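Here's the structure we're looking at; comments come further down.
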Amino acid sequence: MPAGRVAQDCCDRCAGAGAVLRTGAVAQRRLLKAAVFPARESSRSEGRQVGQPARVDPTLAYADPNPAAHRGAGDGELSRAVAGTVLDVSPQVLVLGDETAEQRYTLTPGALAWRGAQLEPAALQQGDQVVARLHPASGRIADRIWANIGRATGTIIERSGSTLVVDEGATRNPRVVVIRPPAEGRVLVRFPTLEPGYLLDVIGLRRNGELHAIIPATSQPAYPADKLPTPQLVGHVPDSISGSATWHEPGDGPAGVLGVCYPALDPDTGCAEDAINGHSHGYARMPYLAIGSVLRVRNECTKRETALTVTGCAPVARLFNDRCVTCDTSPRGRVADLTMASFVALGGELDRGCFNATITIGR
């Protein structure tokens with residue numbers, strides 16, 4: 001069985017009664033922490049004005065390869081994401097880095113972490129690989145942290161007991177996904193057919209080269225991956241297209257580059273994934289684009305938007321005709337597969353898996 005990266009998917013809507021009780025306990029501890037440890041302005045400890053750029057180790061920060069191209073309406077409210085290894089953590093401070101550098105981030109009183117379930121940031125452990133969302137007003141204040149989070153989205157190609165092998169596309173290695181109690185019941189409710197040929201989309205924890213699934217990211221389509229229903233195509237392709245925006249792990253690429261994978265790349269681009277399962281186009285009606293094109297992506301839940309460069313294919317996204325219900329009910333179809341940095345910057349919660357999105361071509 002091939003060794004793969006761990007992927008995980010989480011959704012607050014799928015939490016059971018135990019998770020609800022834990023969330024209430026976390027909320028109570030947050031109020032106590034706010035009373036005992038008032039939030040500190042980062043400018044007091046850094047000796048600089050809030051809003052001035054912080055010096056950040058480029059190995060820790062998510063990088064924007066073309067920042068000038070990404071400015072636009074709504075960008076002033078964008079968050080920034082940083083990634084790194086936890087070196088130390090307390091109720092007030094998170095320290096990320098490696099053996100050569102470290103960065104310190106003040107935690108807000110209401111900061112939350114996720115490592116399979118919601119917990120206090122102080123419960124994180126040294127060595128956890130985290131993605132942290134920084135407060136828009138300061139590059140040194142973090143309010144949301146995801147530890148060891150991963151995701152597996154694709155077609156099941158092999159099953160042995162509670163272990164699945166998932167094909168995520170021609171340019172990615174197969175992923176090994178393990179589904180064990182108590183997550184098994186939660187996953188089976190929304191993915192009842194865990195057999196080769198059917199689609200899977202789960203969020204979980206990366207452990208020893210495997211993804212230990214925690215919760216489903218969506219509901220399983222009733223059709224096998226090679227039987228994608230063809231929607232009725234009426235009229236011309238609209239200027240703005242609405243649907244679901246999801247996220248993916250960086251794989252072998254640079255961690256944290258802002259960008260978006262697009263489900264309908266022009267076949268002339270020679271993308272290795274264009275012919276996956278015989279589908280060159282997805283459920284949503286979308287025009288063909290080339291790598292390097294610019295999409296304006298808007299999170300309809302947070303009203304944040306920005307321009308992102310198309311950096312790759314999203315062949316698996318075209319196989320899903322699901323809806324996102326993060327803040328309403330989106331039209332069917334996945335219209336964008338964002339990098340983790342882009343998803344977080346637009347206000348997405350990684351453990352929820354998607355947000356309702358509208359994309360505009362070349363604006």
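Every number in this text was worked out from the coordinates using simple rules, so none of it is lab data. Predicted, not measured: the structure shown is a model, and the values here were computed from it. Heads up, the Cβs are rebuilt from the backbone with ideal geometry, glycines too, and the neighbour counts pull from every protein chain shown.
Stretched out fully, how many nm does the piece from residue 102 to residue 87 gain, at 0.36 nm a residue minus the Cα gap? Please list the in-between numbers first.
Values: separation 15, 0.36 × 15 = 5.40 nm, distance 0.80 nm.
Full extension from residue 102 to residue 87 adds 4.6 nm.
So, by mean Cβ neighbours within 10 angstrom, what's the order for 182-195, 328-341 with the highest one leading? Provide the component values of the computation, followed by the final result.
Numbers: 182-195: 15.6, 328-341: 22.7.
For the peptides 182-195, 328-341, the packing ranking is 328-341, 182-195.
Assuming 0.36 nm per residue, please report the length gained on full extension of the stretch residue 125 to residue 162 beyond their Cα-Cα distance. Working shown, then result.
On the way: separation 37, 0.36 × 37 = 13.32 nm, distance 2.72 nm.
Residue separation times 0.36 nm, minus the Cα-Cα distance, leaves 10.6 nm.
Debye calculation, C-alpha points only, no solvent: report log10 I(q)/I(0) for region 283-363 at q = 0.20, 0.22, 0.24 Å⁻¹, in the same order as the q values.
Those come out to -0.93, -1.15, -1.38, one per q.
Can you tell me the order of 316-323, 354-361, 205-212, 156-163 when each peptide is scored by its average per-residue count of other Cβ atoms within 10 angstrom, highest first?
316-323, 354-361, 205-212, 156-163
Quantify how much of the Cα-Cα distance distribution of region 113-266 extends past 21 Å, in percent.
On the way: 6449 of 11781 pairs.
Summing the P(r) tail past 21 Å for region 113-266 gives 55 percent.
Rg and Dmax of region 114-181, using alpha carbons, in Å: what are they?
Answer for region 114-181, Rg first and Dmax second: 16.3, 49 Å.
How far, in nm, would the chain grow between residue 332 and residue 95 when pulled straight, counting 0.36 nm per residue and subtracting the alpha carbon separation? Provide the component values of the computation, followed by the final result.
Working: separation 237, 0.36 × 237 = 85.32 nm, distance 4.08 nm.
Net length gain for the segment: 81.2 nm.
For region 174-232, just run the numbers: alpha carbon Rg, then divide by 2.2 N^0.38 Å, N being how many residues it has. Can you show the working numbers first?
Working: Rg = 12.5 Å, N = 59, 2.2 N^0.38 = 10.4 Å.
Rg over 2.2 N^0.38 Å, computed on Cα atoms: 1.21.
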